[in-house]
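Take a look at the structure below.
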Amino acid sequence: MAITITSVDAILVDLPTIRAHQLAMATMQQQTLVIVRLRASDGIEGIGEATTIGGLSYGEESPEGIKLTIDTYLAPALIGQDATNIHGAMARLNKVARGNRFAKSALETALLDAQGKRLGVPLGTLLGGAVRDALPVLWTLASGDTARDIEEAERLLAERRHDTFKLKIGRRAVREDVAHVAAIKRALGDRARVTVDVNQAWNEADAATGIAMLEAAGIDLIEQPIARDNRVGLARLAARFVVPIMADEAVTGPEDAMELARLGAADVFALKIAKSGGIFGMLRTAAVGDAAGIALYGGTMLEGSVGTIAAAHGFCTLPQLAWGTELFGPLLLKDDVVVERPAYRDFALRLPDGPGLGLALDEDKLAHYRRDRT
Ligand code: MUC
Ligand code: MG
């Protein structure tokens, strides 16, 4: 008898961050996770997660919208479907709903987690096998204060937790931002790599000025300097500078990747399971990057442990991942809703080796942090 999907729940969970996290478009004091619990007729439960950054300021889906989409449209389309046929289930979701990639990603993770548990294998094995069991992870310095950022970086270097730091810029005038970045790079010297993420905040002229100065200051990578839709402008910047340009918001799925590759618009692609509608979409995006000779980077939507470990299993199967990852989301949160939080040491995230994601929900914490707690 077929194993069918019997229930799908989407739960909003609000978790405080360890400090304010300042980006060009929002300042985060907390993160909201949409935790998905998907149960099947064999009694197995899979879990998944979707997050975004700053409500609707990063992308077109908000946590509340993701829950509404799942409750109203996606869960009813999944109930009664074969829980063991993940491609079949996702094809059905793509038929009933256009877009809504973050919501679909959370559901695909839950299906994969359940199937891994069912077969008794880790998710990486289900995906064909991991080629690495740990992933390099950078840290984002985004307190908004230069001295505090330097102090934070020095501590994390000493703890051997991170040796690459990404700075969030684009809020202030270009020269002020560059002065902040250059001061941090000067303090850390060759002991750390420093990258920047502008989150689309600059126009092309600002970007030309800013990137020239950042290049001179020894910055290693420039992420999404201009608007996501300005692909031709991104191509002009990529041709103009030696420092690599990374596309983030501009690359969601394989179709964007094709177009950016055709234009020569990026040296690096930031892959995220949420942007691509799940792990399989991320892998298809990565394949286009590989075919075009574009370096790859494992990005984050600042997920908690569930979303982070889902992405990690996917990234571990990639043949090349030249720029490592930024899968530090769980470390930005004061607390989490899993029993055992992911392990970070020696500048890397270690993958759990249990079946599926290798994680279990902490029911007490979930009850405590869920938005609808009674
Ligand atoms: C982004 O745009 O890359 C990744 C790290 C971080 O601090 O924010 C995210 C989003
Ligand atoms: Mg980014």
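The values are calculated or read from the model by the stated rules, or taken from the named source; none is laboratory data. Just so we're clear, the structure is a prediction, and the values are computed from it rather than from any experiment. Note that each Cβ is placed from the backbone with ideal geometry, even for glycine, and that neighbours are counted across all protein chains shown. When the accessible area is computed, the model is the full protein with side chains, heavy atoms only, and any ligands, DNA or RNA have been set aside. Shrake-Rupley method; radii C 1.70, N 1.55, O 1.52, S 1.80 Å.
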Exercise for the section: Could you tell me whether region 58-71 includes any residue that is touching a residue at least 24 places away in the same chain (Cβ under 8 Å), of a type in the set (K, R) and part of a strand (DSSP E or B)? Expected result: no
Exercise for the section: Would you check if D364 is open to solvent by 40 Å² or more (accessible area, probe 1.4 Å) and over 24 Å from A114 (Cα atoms)? Expected result: no
Exercise for the section: Examine region 74-86 for a residue that is crowded, with 24+ Cβ neighbours inside 10 Å, closer than 24 Å to R350 by Cβ and of a type in the set (A, V, I, L, M), and state whether such a residue exists. Expected result: no
Practice task
Could you run through region 133-160 and say how many residues are open to solvent by 60 Å² or more (accessible area, probe 1.4 Å) and either at pLDDT 95 or above or aromatic (F, W, Y) (or both)?
Solution key: 9
Fill in the blank from the handout: Taking region 161-188 and the residues there that are open to solvent by 30 Å² or more (accessible area, probe 1.4 Å) and under 21 Å from the mean Cα position of the chain (by Cα), the one that is farthest from L214 (Cα to Cα) would be R161
Problem - helices (runs of 4 or more DSSP H) fully within region 100-181 counting 3 or more residues that are without any contact (Cβ under 8 Å) to a residue 60 or more places away in the chain - result: 146-158
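Given the criterion under 28 Å from V232 (Cα atoms) and assigned by TED's automatic domain parsing to the domain that holds P330, identify the matching residue among D190, D177.
Criteria check complete, one pass: D177.
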Practice task
Could you please let me know if A205 is in the same structural domain as A265 (by TED's automatic domain parsing), among the small types (G, A, S) and open to solvent by 60 Å² or more (accessible area, probe 1.4 Å)?
Solution key: yes
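Every residue, every condition in (1) among the hydrophobic types (A, V, I, L, M, F, W, C); (2) in contact with a strand residue (DSSP E or B) (Cβ under 7 Å, 6 or more places away or on another chain), yes or no:
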position: L111; (1), (2): yes, yes
position: G120; (1), (2): no, no
position: L157; (1), (2): yes, no
position: G170; (1), (2): no, yes
Fill in the blank from the handout: Filter region 88-103 for residues that are under 21 Å from T32 (Cα atoms) and open to solvent by 10 Å² or more (accessible area, probe 1.4 Å); the one that is nearest to the chain's Cα centre (by Cα) is F102
Exercise for the section: Keeping to region 314-332, report how many residues are in contact (Cβ under 8 Å) with a residue 40 or more places away in the chain and open to solvent by less than 10 Å² (accessible area, probe 1.4 Å). Expected result: 11
Handout entry: Of the criteria (1) touching a residue at least 24 places away in the same chain (Cβ under 8 Å); (2) more than 16 Å from ligand 1 (Cβ to nearest atom), which one V96 fails
Key = (1)
Fill in the blank from the handout: For region 182-202, the count of residues that are touching a residue at least 40 places away in the same chain (Cβ under 8 Å) and over 27 Å from A348 (Cβ atoms) equals 2
Exercise for the section: Test V306 against the criterion of being more than 25 Å from V339 (Cβ to Cβ) and modelled with pLDDT of 95 or more, and give yes or no. Expected result: no
Completion exercise
Those residues of region 59-72 which are closer than 30 Å to A227 by Cβ and either open to solvent by 30 Å² or more (accessible area, probe 1.4 Å) or within 16 Å of ligand 1 (Cβ to nearest atom) (or both) amount to G59, E60, E61, S62, P63, E64, K67, L68
Handout entry: So G170, is it within 16 Å of ligand 1 (Cβ to nearest atom), at positive phi and modelled with pLDDT of 95 or more
Key = yes
Problem - The listed residue being open to solvent by 60 Å² or more (accessible area, probe 1.4 Å) and away from ligand 2 (no atom under 16 Å from the Cβ), out of L56, L38, L33, L12 - result: L56
